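Undergrad: One structure is given below, represented as structure tokens, and several questions about it will come after.
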Amino acid sequence: MPQPDAPPPRTFGLPLVGNTLGIMRDPIDFQRRGHRRHGPVFSARIFGTTLTFVDPVGAPELFEQVIRTPTDQLSLVAAYKHLVGRILGPELFTEIDKPMREGLSVKYIGKHVGPTVAFVPQVLARRLPGDHGTVDGLRMANDVVLHVVAHYVLGHGGAERHADELAEAMHVLESDFSILGMMLPIETASARRRRAAFDRMIGLIEAEVRARRADRGQHDDFLQFAIDHMSSDGAEHDDIRWLGLRVLGTIFGAHTNTAMSVASTLSDLVEHPEALARVRAEIAALPADAPMDLAAMRTLVELHRAINESMRLRSNGGLWRMAMSDIDLGGYHLAKGSVVGASMGLVNLDPARYQGSHEYRPARFEAMTTDNYQSPSVGSTPLQFGAFGTGRNLCSGRPLAYAMLAAILVPLLRDYEWQVVRRPRRWFTLLTGGLSRPIGELSLSYRRR
Ligand code: HEM
């Protein structure tokens, strides 16, 4: 039994680096072993930051407490500012409010996603020229998704003007970092490059917001929605900054995990021809020339199962919250400022939930209770599928994510044959929410069908 007011048991770590190496090598195994040894709550250290792990499988009620406690007590935004603010810019993380949720709702995207879906084949044709070739799969996925997100958020003109430059800058922001730079208060050359990339992106977006405000034309897109519903009521200069950060935050939030989902779903399908044949058969059965709207996307059951299976295998990042005041968790005392959470790998790779949990089997979802996206519930207790998080901060962009994934994967699989030329050395699980990313080249060759 824990002593009243005792902090959680702490796992042994090296001086200075703490448990950084063990967590980086395999965060899921690190957390599992920690719970076996210390029980449902324990702490470990990454350099100067103490992380408290809570077991979503062995102690679902404690995990529920963490992800359902109101934001003024356990905050996602404060945790992200602390964990990745140094590498991405802390201003990027803001609380999600009602207008933002409305702008990402099924109702809103159902009305507005059509032109973005129609834009996708054009984006692909530019990235996959000629009859055949070889591409860096990660770069292609990052680039295509950035263009699609920019189209949805900034409208057609905004995407045409800025998506190439935003994609370049996003690549620097997302790829050019190390765990050392993330956690240690040192000014590296990479940190300066990322700062410059961030400044360039926010500069472009602010100019776009300013131009749209001055424009008297009729617009019906996310940018206009943001301008009409998300203003800060501050002075003009502050308001442009505020809107720019909300818009850039939306682009950033919509980009990384969707891009990793494209890369992993495509490469997994290409490596599993039977699953690929089933997905292609249902795409071929779509009515010719009918628009790819949300209703048509929902009929793509095999595609959604394939997307979910790739996400299940790789959505192993952590969900983290920062204690805004002292709290009690499972009889332990967590001081204000503590960072607490869990890796979703414990849920997504749990053999009791998923038999043969490391095997790729999209058909497994057929035998499970699933929702409109062929996914096990994301709101269940205990949690069954952690790819989009759960509780108060369940991903608000989930409907948009599935829509963009279908919009991109349908033409990629319908119009091109693919082969994996080189597999990445490993898929590296990030500490923060969402998908692991390929380390080493993911090289794919294509041929027009
Ligand atoms: C496959 C793609 C995606 C995956 C796997 C994903 C995953 C996640 C996860 C795991 C969280 C919860 C983080 C936590 O609780 O700590 C989250 C939150 C969030 N995501 Fe996504 N996401 C995806 C796409 C998107 C898209 C397209 C958007 C659109 C802007 C988006 C916007 C958000 C927002 C706003 C939150 C915070 C919600 C809140 O605090 O209430 N995401 N996402």
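Read the figures in this text as sums done on the coordinates, not as results from a lab. Fair warning: this is a prediction, and the values are worked out from it, not measured in the lab. Positions of Cβ are backbone-derived with ideal geometry, glycine not excepted, and every protein chain shown enters the neighbour counts.
Undergrad: Starting from the Cα of residue 295, step 7 Å toward the Cβ, then list every residue of region 86-117 with an amide N under 20 Å from that point.
TA: 105-117
Undergrad: Report the label-to-label distance for residue 107 and residue 10 in nanometres (one decimal), using points 7 Å from each Cα along the Cα→Cβ vector.
TA: Output for this residue pair reads 5.0 nm.
Undergrad: So which residue, out of 430, 319, 286, gets the largest mean-square fluctuation from a GNM of the chain using Cα contacts under 10 Å as springs?
TA: Taking springs between Cα atoms under 10 Å, the residue moving most is 286.
Undergrad: Okay, next question. Using the Cα centre as the reference, give the magnitude of the dipole from point charges on the C-beta atoms of the chain (Lys, Arg: +1; Asp, Glu: -1; all else neutral), rounded to the nearest 20 debye.
TA: The dipole magnitude comes to about 1000 debye.
Undergrad: Still on this structure, please answer the following. Going by amide H atoms built from the backbone, whose H comes under 5 Å of the H on residue 46, apart from near neighbours?
TA: Correct list: 19, 51.
Undergrad: Given H placed 1.01 Å from N in the peptide plane, which residues other than close sequence neighbours of residue 10 have an amide H under 5 Å from its amide H?
TA: 43
Undergrad: Okay, next question. Quick one, what does Rg over Rh come out to for region 20-448 if you take C-alpha atoms and the Kirkwood Rh?
TA: My calculation puts Rg/Rh at 0.95.
Undergrad: Rounded if a/c is under 1.5, else prolate if a/b is larger than b/c, else oblate: which is region 127-180, with a ≥ b ≥ c the root eigenvalues of its Cα gyration tensor? Could the numbers behind the result be given before it?
TA: Working: a/c = 2.63, a/b = 1.08, b/c = 2.44.
Because a/c hits 1.5 or more and a/b fails to exceed b/c, region 127-180 counts as oblate.
Undergrad: Here's a follow-up. Each residue of region 427-432 in turn: what ³J(HN,Hα) in whole Hz from Karplus with 6.51, -1.76, 1.60 and θ = phi - 60°, glycine and Pro shown as x?
TA: 9, 8, 7, 6, 6, 8
Undergrad: Could you go through region 32-44 in sequence order and give the Karplus-derived ³J(HN,Hα) for each residue, using 6.51 cos²θ - 1.76 cosθ + 1.60 with θ = phi - 60°, rounded to whole Hz, and x for Gly and Pro?
TA: 4, 5, x, 5, 4, 7, 10, x, x, 9, 8, 10, 8
Undergrad: Still on this structure: Would region 190-332 count as rounded, prolate or oblate if I go by the C-alpha gyration tensor, calling it rounded below 1.5 in a/c and otherwise prolate when a/b exceeds b/c, oblate otherwise?
TA: Oblate is the answer for region 190-332, as a/c is 1.5 or above yet b/c matches or exceeds a/b.
Undergrad: Rounded, prolate or oblate: which one fits region 307-366, using the alpha carbon gyration tensor with axes a ≥ b ≥ c (rounded when a/c is under 1.5, else prolate when a/b beats b/c, else oblate)?
TA: Because a/c hits 1.5 or more and a/b exceeds b/c, region 307-366 counts as prolate.
Undergrad: Rounded to the nearest 500, what is the chain's calculated 222 nm mean residue ellipticity when only DSSP H runs of at least 4 contribute -39500 (n - 2.57) each, over all residues?
TA: -16500 deg cm²/dmol
Undergrad: Please list, in order along region 214-224, the HN-Hα scalar couplings obtained from phi with the Karplus expression 6.51 cos²θ - 1.76 cosθ + 1.60 (θ = phi - 60°), rounded to whole Hz, x for Gly and Pro.
TA: These are the phi-based 3J(HN,Hα) values: 7, 6, 9, x, 8, 10, 9, 9, 4, 4, 5 Hz.
Undergrad: Still on this model: Name the long-range amide H neighbours of residue 441: under 5 Å, sequence gap of 5 or more, or other chain; modelled H, no Pro or chain starts.
TA: Amide H neighbours of residue 441, under 5 Å, 5+ apart: 425.
Undergrad: Contour minus end-to-end for residue 369 and residue 441, with contour as 0.36 nm per residue of separation and end-to-end as the Cα-Cα distance?
TA: 22.3 nm
Undergrad: Given region 20-448, what percent of its DSSP beta bridges are antiparallel, to the nearest 5?
TA: Here the antiparallel bridges make up roughly 90 percent for region 20-448.
Undergrad: Let me ask something else about it. Give the total of Lys-Lys pairs in region 20-448 with Cα-Cα distances below 24 Å; include a pair only if its members are 8 or more places apart or on different chains.
TA: Here the count comes out as 4.
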